[in-house]
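Undergrad: Can you read through this structure? Questions will come right after.
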Amino acid sequence: QVQLVESGGGLVQPGGSLRLSCARSGSISSIYVMGWYRQAPGKQRELVASITSFGSTSYLDSVKGRFTISRDSAKNTVYLQMNSLKPEDTAVYYCHVAYRGQSYWGQGTQVTVSS
């Protein structure tokens, strides 16, 4: 059974930084896509950033140049470095993995950007 556990959320002032971590347990295939999604109150969940098993990355337009997704394969962990945070980045951030038609979500971690 695959499990994803996020950490690193919290309260930060506008312009600040946070790094989210997503630790995976359980085996997955060698070909996968891992991503960070977020959901703000009253809004739909949206894909913020993703990284494939080949190392290709993609980003939501509004976070390009501010957020960076990366991975440490030895630790089965994916990170989301978030810089220059804005109040509109406030949301619950979820880690997700998809492979061979299977899909798993983490429990989410709250990020609040406020002065």
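The values are calculated or read from the model by the stated rules, or taken from the named source; none is laboratory data. Nothing here was measured: the structure is a model prediction, and the numbers come from that model. Glycine also receives a Cβ, built like all others from the backbone with ideal geometry; neighbour counts cover every protein chain displayed. What goes into the accessible areas is simple: the full protein's heavy atoms, side chains included, and nothing from ligands, DNA or RNA. Shrake-Rupley method; radii C 1.70, N 1.55, O 1.52, S 1.80 Å.
Undergrad: Is it the case, given these coordinates, that SER30 is within 20 Å of LEU4 (Cα to Cα) and either more than 12 Å from the chain's Cα centre (by Cα) or free of Cβ contacts under 8 Å to residues at least 24 places away in the same chain (or both)?
TA: yes
Undergrad: Just checking, how many residues over the range 26-41 are modelled with pLDDT of 95 or more and farther than 16 Å from ALA74 by Cα?
TA: Selection size over the range 26-41: 7.
Undergrad: Please find, among ALA49, ALA23, the residue that is assigned to a strand (DSSP E or B), in contact with a helix residue (DSSP H, G or I) (Cβ under 9 Å, 6 or more places away or on another chain), surrounded by fewer than 19 Cβ atoms within 10 Å (Cβ to Cβ) and modelled with pLDDT of 95 or more.
TA: Sole residue among the options that is assigned to a strand (DSSP E or B), in contact with a helix residue (DSSP H, G or I) (Cβ under 9 Å, 6 or more places away or on another chain), surrounded by fewer than 19 Cβ atoms within 10 Å (Cβ to Cβ) and modelled with pLDDT of 95 or more: ALA23.
Undergrad: Looking at the range 58-71, can you tell me whether even one residue there is among the basic types (Lys, Arg) and touching a residue at least 40 places away in the same chain (Cβ under 8 Å)?
TA: no
Undergrad: Starting from residues that are of a type in the set (Val, Ile, Thr) and more than 16 Å from ALA91 (Cβ to Cβ), keep the ones in the range 1-20 and report whichever is most open to solvent (accessible area, probe 1.4 Å).
TA: The extreme case among them is VAL5.
Undergrad: Answer yes or no: is there a residue in the range 1-17 that is closer than 21 Å to GLN102 by Cβ and either in contact with a helix residue (DSSP H, G or I) (Cβ under 8 Å, 6 or more places away or on another chain) or not in a strand (DSSP E or B) (or both).
TA: yes
Undergrad: Here is a follow-up. Restricting to the range 26-46, give me the number of residues that are on the phi > 0 side of the Ramachandran plot and open to solvent by 40 Å² or more (accessible area, probe 1.4 Å).
TA: Of the residues in that region, 1 qualify.
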